[in-house]
Amino acid sequence: MPKLRIDDQEIEVLEGMTVLQAAELLGIEIPVFCYHRKLSIAGNCRMCLVEMEKSNKPIASCAMPASEGMVIHTQTPMVKKARQGVLEFLLINHPLDCPICDQGGECDLQDITMAYGSDASRFNLNKRAVPDKDFGPLIETAMNRCIHCTRCIRFANEIAGVPELGAVGRGEMMEITTYVQKTITSELSGNMIDICPVGALTSKPYSFRGRSWELSNTPSVDVMDGVGSAIRVDVRGREVMRILPRQNDAVNEDWISDKIRFAYDGLKYQRLDRPYVRGKDRHLHSVSWEEAFGKIAEHLQDIPGDHMAAIVGDMVDAEAIIALKDLMAMIGSSHIECRQDGARTLSSPRCSYLFNTTIAGIEQADFCLLIGTNPRWEAPLVNARIRKSYLLTGLPVVSVGPFHELGYPVNHLGDDPLILERILKGRHPICTQLQNSKHPMMILGQGALRREDGQSILFLARQMAEKYAFVQTTKPQLLEHWNGFNVLQTTASRVGALDLGFIPSRTGYGLKEIMESISQKKIKAVYLLGADEIDMELLKSAFIIYQGHHGDRGAAVADVILPGAAFTEKPGTYVNIEGRVQRALKAASPPGEAKEDWKIIRALSEKLGLELPYNTLEEVRARLVEVNPLFDELDTVQRAPWQEFGEKSDIHAVPFKSVIENFYMTDSISRHSITMAKCSLEILGGQKRANVDG
Amino acid sequence: MKKVPIQKREPIRLTSQEDFKTFSFSMENEKKVKEILRRYPEERQASAILPLLDLAQRQCGGWLPKSAIEAVTEMLAIPLMRGYEVATFYSLFNLNPIGKYHVQICGTTPCMLRGSEDLKKACENHLRIRCGETTKDGIFTLSEVECIGACVNAPAVQINDDYYEDLNEESFLNIIVDIEEGRETKQGSAIGRQGSAPLKRDEHVKK
């Protein structure tokens, strides 16, 4: 391990680290533009020049490997002059339009010029002009401002896996562009806005809407898929102005998906801001909370407890789920369901519904089998990790399911589930490769579990996991082994709901039975907590209470609407696919008379004469821990012991299907986002537009 | 480029993107492609991009239509954008249709000091086009290029694959007229210098 001195401080670093990284470890700041810790090294901005003894010219610290006995100075007159010179050159063609630039206030070039630049430029010729490019509905370009750091190109090539961006021409004529003005087709494209060190790439929906210093930032969690990416919600007043990623190397690294980044405008439209009751005229009438609760109490009076069912949706926080579960137990119903998509997952054992390898663990895998899943749409950040692993180690990826372009080579075996049986029996050509892998992993998508034979597929997958090295011990008490069995949940609430047991007990009805019982009049009332993804036609004849934040599919058929809060408007606990318990904070107030969801259920319980035993958020959270002690540990993954699951029976020879038709519209928020509608039209070409009701 | 026998100046129709809606290497070039690909290791086939683009450009009459870049990148299994970057980076690849003779006047310092600007002016006046333009009959395209590596014999001009060195206005225009009238031209030094051998003390002054 090389030892070197930087600014008279000695440091020993790992082999292969650069001078810049060594300086970072010492807390010495070196200004950079092209260097980004998650991207390959380009070394073209020259901003990170430092002085190295025995070298007569400054060196680019981002590209120079730290080696034994180096003596580096970062604060000498030579370095100061070099930095000033580099900045003067960078600013030659950079417009002085900071006052009208969206990056102003959070611009690397602005900050670094303030700190290291000179006060005047000696350049008195015309600046070059570069035509702006059309990068699609999400990214606004102002190419005059580009300083050619090539971060966006490297991001597209390396992280997103869509080599669509490039630098054409050279020298002063160099321009960043797509091939013939093509829209960027990545689910992660918005991250280019973050990594652009200047205002060349900015957010189109956010353009000219606000200044960074006017916004207040709240840490939160992505609820639009199951990954639970760390996000930051920026609000001004009550309005969410933008959503940015927070760094979390265990989950999303520095990135977030375009859906969570840009769908926030959906929070403004079609909101439920006051309670509604459907009158005799079959129209919804706005009423007070008292009246809405009164109507529910009046209706439920005549209905026996077990004639009622509850279904929770995809973006519900654990607090609301536990409140509803407790309420349903008090009412005397065991018909509770969180699998509104009809997935055949059970709530036990825990390893049967988690992403056991963990997202960071994907980097350790040496074989990846995808079953009935399209990770690019179901969890773009899991897909980015698989790609990262592919780039680092050449991870071979094999897929059984519908074919998708994932951004790395995939050996597509077909979409017939019977292929899995052949793999299990060792009768498939892929088996040799599988036998030779030390850390294989499989990802079971919802496309494989949303089937009639979902439990048999789980059984088959468990047998495969045990036969090959997917799971390396069957002794449940051993936790420190490789567990390559993964289920990719597509929703933010699912793992939390399963952890809390929001799933019918032996006597309870699941989704299918609830639907059937409604037509047979055995279920007379249904409580939908943010559940919009079910076939509402089948529910219609029951008394429907809809609690949620958008006037979407559920509200359209509801008899009583209780306006809840969206994820940005309440403190909430979410469990991600790995089983990581994460907290989102409240960034803004809910609109109108809408309330936090657990409070609504708590208030309703009182009206029904079944007072829930908690009054504060702390008490609800204590109740979460009481039901499942896992909720006590935030931001860590507690590995689930390996146990038996699944049910042995025949697999149907029906091909696996994709579960997401349109990446940009999967929930009640994104369905009402104008930006997402534009993406569906322009990026997906309009053919796959979501079947939005009404 | 294979030496084209110089013919009398007859108008030539310039090709356009429309003429190259699809591109594939000719039978003859297909053999060369195989030979070129053999020069690079199996997993480094992408390195063949420069010779292949060059071959494609020669086949297309001195310029690279989009379809040719697409065909080459597809052949090498590299992203289209990478091929486009390479083609735009090198000024030796022409992305727009070009005349039969590409007259490239070196304008970098040594040639400039030795009178390349006069050569340029003389040529522009003679052909009645400006740098970057093509004559109406499609015979000549004139451009100023950066250093072509013949500084010892500056000023130098490259016409297609041939170098003409130690030029002055007169000798340069003679070459252009020779081409126009279909005569053989003399490549290399216009003053009979052997290679880049030094001249006698006052010889270059006399010139």
Select from the stretch A:358-395 the residues that are more than 15 Å from A:I577 (Cα to Cα), touching an Asp or Glu at 6+ places or on another chain (Cβ under 9 Å) and aliphatic (A, V, I, L, M) and write down the one among them that is surrounded by the fewest Cβ atoms within 10 Å (Cβ to Cβ). A:L392
Of the conditions (1) away from chain A (no Cβ under 14 Å); (2) over 17 Å from the mean Cα position of the chain (by Cα), B:K120 satisfies every one except a single condition; which number is it? (2)
Name the residues in the stretch A:130-178 that are of a type in the set (F, W, Y) and either over 26 Å from the mean Cα position of the chain (by Cα) or more than 22 Å from A:H94 (Cα to Cα) (or both), would you? A:F155
Yes or no: B:L113 more than 28 Å from B:D137 (Cβ to Cβ), buried (at least 21 other Cβ atoms within 10 Å of the Cβ), away from every other protein chain (no Cβ under 14 Å) and of a type in the set (A, V, I, L, M, F, W, C)? no
Identify the single condition in (1) within 22 Å of the chain's Cα centre (by Cα); (2) of a type in the set (S, T, N, Q); (3) assigned to a loop (DSSP other than H, G, I, E, B) that B:T22 does not satisfy, given that it satisfies every other one. (1)
Selection from the stretch B:56-80 of residues surrounded by fewer than 21 Cβ atoms within 10 Å (Cβ to Cβ) and either among the hydrophobic types (A, V, I, L, M, F, W, C) or facing chain A (nearest Cβ under 9 Å) (or both) yields B:C60, B:K66, B:A71, B:M75, B:L76, B:A77, B:I78, B:P79, B:L80
Identity of the residue in the stretch A:162-179, facing chain B (nearest Cβ under 8 Å) and assigned to a strand (DSSP E or B), that ends up surrounded by the most Cβ atoms within 10 Å (Cβ to Cβ): A:L165
Kindly provide the set of residues from the stretch B:99-143 that are on the phi > 0 side of the Ramachandran plot and not charged (D, E, K, R), ordered by number. B:G115, B:G132, B:G138
Just one of A:S658, A:S670, A:S605, A:S680 is in contact with a Pro (Cβ under 7 Å, 6 or more places away or on another chain), crowded, with 16+ Cβ neighbours inside 10 Å and of a type in the set (S, T, Y); which is it? A:S658
Looking at A:L188, is it more than 14 Å from chain B (Cβ to nearest Cβ), within 23 Å of A:Y408 (Cβ to Cβ) and not polar (S, T, N, Q)? yes
The number of residues in the stretch A:134-159 that are of a type in the set (A, V, I, L, M) and within 12 Å of chain B (Cβ to nearest Cβ) is 2
Restricting attention to the stretch B:81-102, which residues are assigned to a helix (DSSP H, G or I), surrounded by 20 or more Cβ atoms within 10 Å (Cβ to Cβ) and either under 11 Å from the mean Cα position of the chain (by Cα) or not β-branched (V, I, T) (or both)? B:M81, B:G83, B:Y84, B:E85, B:A87
Look through A:I577, A:I561, A:I601, A:I545 and report the one residue that is assigned to a loop (DSSP other than H, G, I, E, B), at pLDDT 95 or above and not aromatic (F, W, Y). A:I577
Quick check on A:K182: is it surrounded by fewer than 20 Cβ atoms within 10 Å (Cβ to Cβ), modelled with pLDDT under 95 and over 30 Å from the mean Cα position of the chain (by Cα)? no
Can you find a residue in the stretch A:481-501 that is crowded, with 18+ Cβ neighbours inside 10 Å and more than 26 Å from A:V382 (Cβ to Cβ)? no
Residue match in the stretch A:331-353 (condition: surrounded by fewer than 19 Cβ atoms within 10 Å (Cβ to Cβ), assigned by TED's automatic domain parsing to the domain that holds A:V620, in a helix (DSSP H, G or I) and touching a strand residue (DSSP E or B) at 6+ places or on another chain (Cβ under 9 Å)): no
Based on this model, can you work out whether B:E18 counts as loosely packed, with under 15 Cβ neighbours inside 10 Å, within 20 Å of B:F93 (Cβ to Cβ) and more than 14 Å from chain A (Cβ to nearest Cβ)? yes
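The values are calculated or read from the model by the stated rules, or taken from the named source; none is laboratory data. From a predicted model like this one, the values you see are computed outputs, not experimental measurements. When we count neighbours, we look across all protein chains shown, and the Cβ atoms used for this are built from the backbone with ideal geometry, even at glycine.
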